[in-house]
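Visitor: Let me give you the structure first, and then I'll get to my questions.
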Amino acid sequence: MMNLRVGAAVSCCFTALTIGAIFLNSAPVVAQQHDHKHAEQHEHEHEHEHEHEHEHEEDEFSNPGTHVHGEAMLTVILEGNEAMVALQSAAYNIVGFEHAPKTSEQRQEINAALNVLREGKWFEINPQAGCDLAEADANTDLTAEVSSTHSDFYANIGLICQQPARLNEMTVNLFNLVPSVQKITVQWVINGQQGATELSLASNTVSF
Ligand SMILES: [Zn+2]
């Protein structure tokens, strides 16, 4: 009895997952049309909303690296006294487009974003750990020769920490700098422990 019910739930949500993947990767205009359609289907509105939320969560856990507009991925690793913070975000979140830059203004926007990411001031580690910026790099495949439908920004920040054993908290300020980022999935490996969590504007601190 229980097994049957679980099986039914999985097959139901697998269909929703496929629809959801298309929905999440669509441009905002398409998303609006989608919402509108749902609003017209009064009888099924609640049921559908529930399915979408459920499928959404499963999608992230099974595919943590998926490119999703409005979301970013953050990896934090501490080994010895060296910490590495790596960010991947859909370019759409940061500059509002994902095609190769066509105007000098768009090139400037890309460079400005890369500079902000390189500065490494979009996150803070608890000061007791005594971490200082050692190296910082940021790049994007927006300017890559090969054109693709979707593009990302990447930032890799290296830090040297004087008291690595005391590294226990990180606050991510990216939500203020880049309002289009609504959710950041964080995966971390710190002092032999590992975990994952999700951050938002309302909850932007992760404890290790
Ligand atoms: Zn995209």
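The values are calculated or read from the model by the stated rules, or taken from the named source; none is laboratory data. If you're wondering where the values come from, they're calculated on a predicted model, not measured in any experiment. Quick reminder, even Gly has a Cβ in these numbers, built from the backbone with ideal geometry, and neighbours come from all protein chains shown.
Visitor: Test Glu71 against the stated conditions and say whether it is within 14 Å of the ligand (Cβ to nearest atom), at pLDDT 95 or above and either farther than 30 Å from Val206 by Cα or touching a Lys or Arg at 6+ places or on another chain (Cβ under 6 Å) (or both).
Guide: In short, yes.
Visitor: For Thr103, indicate whether it is among the hydroxyl-bearing types (Ser, Thr, Tyr) and touching a residue at least 12 places away in the same chain (Cβ under 8 Å).
Guide: When the stated conditions are applied, Thr103 does not pass them.
Visitor: Turning to a different aspect of this structure: Look through the range 113-128, keep the residues that are in a helix (DSSP H, G or I), away from the ligand (no atom under 16 Å from the Cβ) and surrounded by 14 or more Cβ atoms within 10 Å (Cβ to Cβ), and return whichever of them is nearest to the chain's Cα centre (by Cα).
Guide: Checking each candidate, the answer is Leu117.
Visitor: To continue, here is another question. Part of a helix (DSSP H, G or I) and acidic (Asp, Glu), is that true of Glu198?
Guide: So Glu198 does not fit the description; no.
Visitor: Exactly one of (1) within 16 Å of the ligand (Cβ to nearest atom); (2) under 25 Å from Glu79 (Cβ atoms); (3) not hydroxyl-bearing (Ser, Thr, Tyr) is unmet by Gln162. Its number?
Guide: (1)
Visitor: Looking at the range 109-138 only, could you name the residues that are farther than 24 Å from Asn168 by Cβ and of a type in the set (Val, Ile, Thr)?
Guide: Result: Ile110, Val116.
Visitor: Name the residues in the range 165-183 that are away from the ligand (no atom under 16 Å from the Cβ), of a type outside the set (S, T, N, Q) and under 28 Å from Pro101 (Cβ atoms), would you?
Guide: Selection gives Val172, Leu174, Phe175, Leu177, Pro179.
Visitor: Of the residues in the range 80-107, how many are part of a strand (DSSP E or B) and either within 16 Å of the ligand (Cβ to nearest atom) or among the aliphatic types (A, V, I, L, M) (or both)?
Guide: Going through the range 80-107 one residue at a time, the tally reaches 8.
Visitor: Pick out the one residue from Ile77, Ile110 that is under 24 Å from Glu135 (Cβ atoms), within 16 Å of the ligand (Cβ to nearest atom) and modelled with pLDDT of 95 or more.
Guide: Residue meeting the stated conditions: Ile110.
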